[in-house]
Amino acid sequence: MPRSTENGFTLVEVMVALTIVALSLTAIAASMNQMIDAANTMRERTYASWIAQNKIAELRLANVLPEVSSTSGEVDYAGSEWSWRAVVSETGIESFYRVDVSVSHAGSEYVIRTVTGFIGEPVPVGRANQLFNRGIRASGATS
């Protein structure tokens, strides 16, 4: 019987190779999906943190002592609707308050990020600079 001189892959070898490629592509797709989810989560946490920090800054810039209370609202930020809730509480130090701002998507109870800040008694405009400059002169530093 003459021996065939044709070289090539058998059907079984081709099927095994295709199976390996299919499994590899599935694993790569799953890995990419996880990376996309992680990036989306990180983006949401960053936006929520910025919203909370903005609310704390607004309370500070109002230049009045806040009342111990809870307020909430909604804001449109980065093309999405967000809900925030600010809780002002006492710290045990006179005229010094703690503010906890929690941020979530509008209509959701899941809190994405909570940021804590502190607000003290407001001082007249420019007073902080006067105290700072007095401290520099007292230490002997010159500008």
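May I ask you to derive the FRET efficiency for S89 and I136 from their Cβ-Cβ distance with R0 = 35 Å, giving the value to the nearest 0.05? Computed FRET efficiency for S89 and I136: 0.50. Computed with every protein chain present, the accessible area of F132 is close to 130 Å² [probe 1.4 Å].
In terms of its Cα atoms, the range 84-135 spans 49, 22, 16 Å along the principal axes, sorted from long to short.
Across the alpha-carbon set of the range 36-97, the Rg to Rh ratio works out to 1.08, Rh being the Kirkwood radius. The modelled label-to-label distance between E13 and V111, using points 7 Å beyond Cα along the C-beta direction, is 6.3 nm.
Over the chain, DSSP H runs of length four or greater, each weighted -39,500 (n - 2.57), average out per residue to a 222 nm ellipticity of -16500 deg cm²/dmol. Between helix 11-61 and the chain there is an angle of about 10 degrees, using the helix long axis and the longest principal axis of the Cα atoms.
Per-residue SASA remark: V115, around 20 Å² accessible (1.4 Å probe; ligands, DNA and RNA not included).
The structure-derived value of Cα extents along the principal axes in Å appears in the list [x] 67, 30, 26; [y] 34, 31, 31; [z] 107, 48, 29 under the label [z]. The string of couplings for the range 122-127 from the Karplus curve (6.51, -1.76, 1.60, θ = phi - 60°) is x, 10, x, 4, x, 5 Hz, one whole number per residue in order, with x for Gly and Pro.
Solvent-accessible area assigned to carbon and sulfur over the chain amounts to 57 percent, based on a 1.4 Å probe.
Solvent-accessible surface of the chain, averaged per residue with a 1.4 angstrom probe and all protein chains in place: 77 square angstrom. Extending 7 Å from the Cα toward the beta-carbon at both T46 and S72 defines two label points whose distance is 2.8 nm. As an exercise, use a Förster radius of 41 Å and the Cβ-Cβ distance of R127 and S31 to find the FRET efficiency, rounded to the nearest 0.05. E(calc), rounded to 0.05, equals 0.15.
The values are calculated or read from the model by the stated rules, or taken from the named source; none is laboratory data. What you see is a predicted model, and the numbers here were worked out from it, not measured in a lab. Cβ sites come from the backbone with ideal geometry, for glycine too, and all protein chains shown count toward neighbours. The accessibility values were calculated without ligands, DNA or RNA, using every heavy atom of the protein model including side chains. Shrake-Rupley method; radii C 1.70, N 1.55, O 1.52, S 1.80 Å.
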